[in-house]
Amino acid sequence: MSRRPAPDLLNAPLTALTALTGARGGLGDALPVTGLRLMADPAAVMTLHWSSPTGRLLEIATTVTTPGGWCALRLTVDLPDLAGIAGLGLWLRASADPALTLQAVLRSAHPAPRPTDGPAVPAPTDHVDTPLAHRILCHAAPSDHTALWLADRHPDLPRRAPWREVLLFLPPHRPVTLSLHTLRLFTVPA
């Protein structure tokens, strides 16, 4: 049976960022905690500024000159084995003006198949993306959103994976002003 990580360990990067109120930077600057990163398509011409003010996890503002294919907040998840749990949940409180939608994706590494007489063979892609069935609507008033990646509803979701991450994809084609008041991950009991 798999260990269920304690919520404080599952959310360690988020807790660490909240403790560093006043932190700020741009697209080229790393967030000051391990396991949390803002990224954008290298083909995009955009500016991105982030800050972690008191009372909010993260504020993100972008301007777009040339749209790219993607812009995302990436959170590393220490959950290599889904055995013994039904899945992973996400809860966030956010606001955005003008309104926007976020696409949440659970990315899991493919375990490399191991032939009996040689080294591991890489998979055609090194990961599988499991998007939520619906997008998360953020508007001017802060609102709460809960979503689940349940193993029995996502047959392509690997039960074991060397690494996992949650990505929140922001609109890459227009300016964004987003306030993430809070973000938490949790395991769903079986």
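The values are calculated or read from the model by the stated rules, or taken from the named source; none is laboratory data. This one's a predicted model, so the numbers in the text were calculated from it and none came from an experiment. Methodologically, a virtual Cβ is constructed for each residue, glycine included, from the backbone with ideal geometry; neighbour enumeration extends over all protein chains shown.
On the given criteria, is P13 in contact with a Lys or Arg (Cβ under 8 Å, 6 or more places away or on another chain) and at pLDDT below 90?
Considered against the rule, which asks whether it is in contact with a Lys or Arg (Cβ under 8 Å, 6 or more places away or on another chain) and at pLDDT below 90, P13 comes out as no.
Please determine, by comparing only the residues of the stretch 57-77 that are farther than 15 Å from L31 by Cα, surrounded by 15 or more Cβ atoms within 10 Å (Cβ to Cβ) and not hydrophobic (A, V, I, L, M, F, W, C), which one is farthest from the chain's Cα centre (by Cα).
Result: P67.
Could you run through the stretch 37-46 and say how many residues are part of a strand (DSSP E or B) and either among the charged types (D, E, K, R) or surrounded by 15 or more Cβ atoms within 10 Å (Cβ to Cβ) (or both)?
The qualifying residues number 4.
Given the options A133, A141, name the one that is farther than 23 Å from M46 by Cα and modelled with pLDDT of 95 or more.
Criteria check complete, one pass: A141.
Would you pick out the residues in the stretch 123-172 that are assigned to a loop (DSSP other than H, G, I, E, B), more than 19 Å from L79 (Cβ to Cβ) and touching a residue at least 12 places away in the same chain (Cβ under 8 Å)?
Passing the criteria: A123, T125, H134, R135, H139, A140, A141, P142, L170, P171, P172.
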